[in-house]
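Read through the structure below, which is laid out as structure tokens, and then see the notes.
Every number here is computed from the coordinates shown, using simple stated rules; none is lab data. Bear in mind that the values here come from a model prediction, so they are computed numbers and not experimental data. Cβ: placed from backbone, ideal geometry, glycine included. Neighbour counts: every protein chain shown.
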Amino acid sequence: MASDRKTVAFIVEQLAAAGDVSAKPMFGEYGVYCDGRMVALVCDDQLFVKPTPGGRAFAGTIDEAPPYPGAKPCLLVDADRWDDADWLAELVRISTAELPLPKPKKAKPPR
């Protein structure tokens, strides 16, 4: 089951204070980017934040689960926490700071 666009839009809106936040469709679900780094996934209308030491420390007791079969476990943010925009944005801000920048794409050779 794919995530509802309204859910994704709400999450992106709640994360606005974390930085330059956007969501991109990926394989029927959504990747959430902050300042150029993929920091979270929205799968089946659930928010999964990439685990980092700082993010785990900030979140405290939080469930971890894979966003899809075969994926590494991520921090599963309960939907009840989504309304706390300050907490959610801080979690994403902390996690983003600990994630590496994506590798630059190689230029395609001319045909």
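Shape call for region 5-98 from the C-alpha gyration tensor, a ≥ b ≥ c root eigenvalues: rounded (a/c under 1.5), prolate (a/b greater than b/c) or oblate?
Numbers: a/c = 1.30, a/b = 1.05, b/c = 1.23.
It comes out rounded by the Cα gyration axes.
Could you check which residue among 96, 52, 61 shows the biggest mean-square fluctuation in a GNM of the chain with a 10 Å Cα cutoff?
61
With axes computed from alpha carbons, what is the tilt in degrees of helix 5-14 against the longest principal axis of the chain, rounded to the nearest 10 within 0 to 90?
Here the helix axis deviates by roughly 70 degrees.
Can you tell me the FRET efficiency between residue 81 and residue 106 if r is taken as the Cβ-Cβ distance and R0 is 35 Å, rounded to the nearest 0.05?
Here the calculated transfer efficiency is 0.35.
Go ahead and set up a Gaussian network model of the chain, Cα springs under 10 Å, then flag whichever of 71, 18, 89 fluctuates most.
Of 71, 18, 89, the Gaussian network model singles out 71 as fluctuating most.
Are there trypsin sites (Lys or Arg not before Pro) in region 1-107 that DSSP marks as loop and that have at most 13 other Cβ atoms within 10 Å, and which are they?
Working: sites: 5, 6, 37, 56, 81, 93, 105, 106; in loops: 105, 106.
For trypsin sites (Lys or Arg not before Pro) across region 1-107 that sit outside H, G, I, E and B with at most 13 neighbouring Cβ atoms in 10 Å, the list reads 105, 106.
Please identify, among 62, 11, 94, the residue showing maximal mean-square fluctuation in a Gaussian network model of the chain using a 10 angstrom Cα cutoff.
62
Could you work out how far helix 85-98 tilts from the main Cα principal axis of the chain, as a 0 to 90 degree angle to the nearest 10?
50
Give, in nm to one decimal, the length gained when the segment between residue 71 and residue 16 is fully stretched (0.36 nm per residue of separation minus the Cα-Cα distance).
Details: separation 55, 0.36 × 55 = 19.80 nm, distance 2.66 nm.
In short, 17.1 nm is gained.
Give the residue list of chymotrypsin sites (Phe, Trp or Tyr not before Pro) in region 5-91 that are DSSP loop and have at most 15 other beta-carbon atoms within 10 angstrom.
Numbers: sites: 10, 27, 30, 33, 48, 58, 82, 87; in loops: 27, 82.
Loop-located and lightly packed - 27.
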